[in-house]
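Report on the structure given below.
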Amino acid sequence: MTPDYHIHTYFSDGISPHHSYLNQATYACIDEMGFSDHFSILDSQWTVRNDEILDMHERVQTIKKMENLPVEIRFGAEIDYIPGKEKKIRNLIRSLPFDYVIGSVHFIDNWNFDTDPRNFDGRNIDELYDQYFSIVRKAINSQLYDIIGHIDLIKKFGHFPSTNPERWHKKLIRSLKHTGSTIELNTSGLNKPCREFYPDKNFISACFHSNIPVTLGSDAHEANQVGQYFGKAKELLKSIGYRQVATFRKRKRKMEAL
Ligand SMILES: [Zn+2]
Ligand SMILES: [Zn+2]
């Protein structure tokens, strides 16, 4: 089973329509594909507009009902975690019949660090890692989400800490285990200055040894990115010891053979 649960269409900041992703999924040997457009309770350019939410939902439902689909379709979302806004996020999640919800941290305070790298200049990177991972831990502990998205996104622009990141990993893994959360192996980091998957091999290996389930996401923003680097990703997971991958339907997790 090869799922790709992290895909953005033109309803948020992707550029391709749904049917192009479907076609590409067949070439990329994807068995189950989840559309997961961006939602945020903060105002931003790259999220689904309020007046388009119903259209977006209907679009996926229409595809789900099509006959002879080459892949199984899931309805997901990538929803920002903002500390203190848990109630609003919960209401948003409850307003739609998602198969799964990815929780991601794209903001440190009001700084959208993954689209605006300028603020990294002159900052203490270790302190930023501290801040970022403490927000991610809150996201996990909120138990709002099924999957934690690109868990070490703070490295995106190639800023790495001066010390071994294990101390952060250990705390995160404790939270993941305690809440029964799933992580994704997000392959899009290979296209970014960090040149690594999210998370890196050491982190994912530590997750395996703590029995944290994993799923796969390409973070595709255009059709040709569906399933990008999945051969390499599956090889890595298998070499670490993973034999199963997490899939979701109506927010229930089911483990399938990798
Ligand atoms: Zn994201
Ligand atoms: Zn994304």
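The values are calculated or read from the model by the stated rules, or taken from the named source; none is laboratory data. Bear in mind that the values here come from a model prediction, so they are computed numbers and not experimental data. Backbone-built Cβ (ideal geometry, glycine too); neighbour counts: all protein chains shown. Ligands, DNA and RNA are stripped out before the accessible areas are found, and what is left, the full protein with its side chains, is counted by its heavy atoms. Shrake-Rupley method; radii C 1.70, N 1.55, O 1.52, S 1.80 Å.
Over what distance in Å are the Cα centres of region 164-207 and region 221-258 separated?
First find each Cα centre; the distance between them is then 14 Å.
How would you order 241-248, 133-140, 80-87 from highest to lowest mean count of nearby Cβ atoms within 10 Å?
133-140, 241-248, 80-87
Can you pull the one-decimal nm distance between simple spin-label points at Met66 and Leu144, each 7 Å off the Cα toward Cβ?
Inter-label distance under the simple model: 3.2 nm.
When the helices in the chain are scored as -39500 (n - 2.57) per DSSP H run of 4 or longer and the sum is shared across all residues, what 222 nm value do you end up with, to the nearest 500 deg cm²/dmol?
Taking each H run of at least 4 residues, the total per residue is -10000 deg cm²/dmol.
Using DSSP, restrict attention to beta bridges with both residues in region 3-257 and report what percent are antiparallel, rounded to the nearest 5.
Numbers: 9 of 31 bridges.
Rounded to the nearest five, the antiparallel share is 30 percent.
Could you list, in their original order, any pairs among Lys155/Lys201; Lys232/Lys254; Lys85/Lys171; Lys171/Lys232 whose Cα atoms are separated by more than 19 Å?
Lys232/Lys254; Lys85/Lys171; Lys171/Lys232
Placing unit charges on C-beta atoms (Lys and Arg positive, Asp and Glu negative, everything else neutral), compute the dipole magnitude of the chain about its Cα centre in debye, rounded to 20.
About 1040 debye.
Please report the accessible area of Arg195 (heavy atoms, 1.4 Å probe, ligands and nucleic acids excluded) in Å², nearest 10.
150
Extension gain Leu258-Asp31, at 0.36 nm per residue separation less the Cα-Cα distance, in nm?
Full extension of this stretch gives 80.6 nm more.
Lys/Arg Cβ at +1, Asp/Glu Cβ at -1, dipole of the chain taken about the Cα centre: which of Ala246, Gly34, Phe113 is farthest positive-ward?
Among Ala246, Gly34, Phe113, the one farthest towards the positive end of the dipole of the chain is Ala246.
Where in region 53-79 does the amide nitrogen come within less than 18 Å of the point 7 Å from the Cα of Asn91, taken along Cα to Cβ?
53-54, 79
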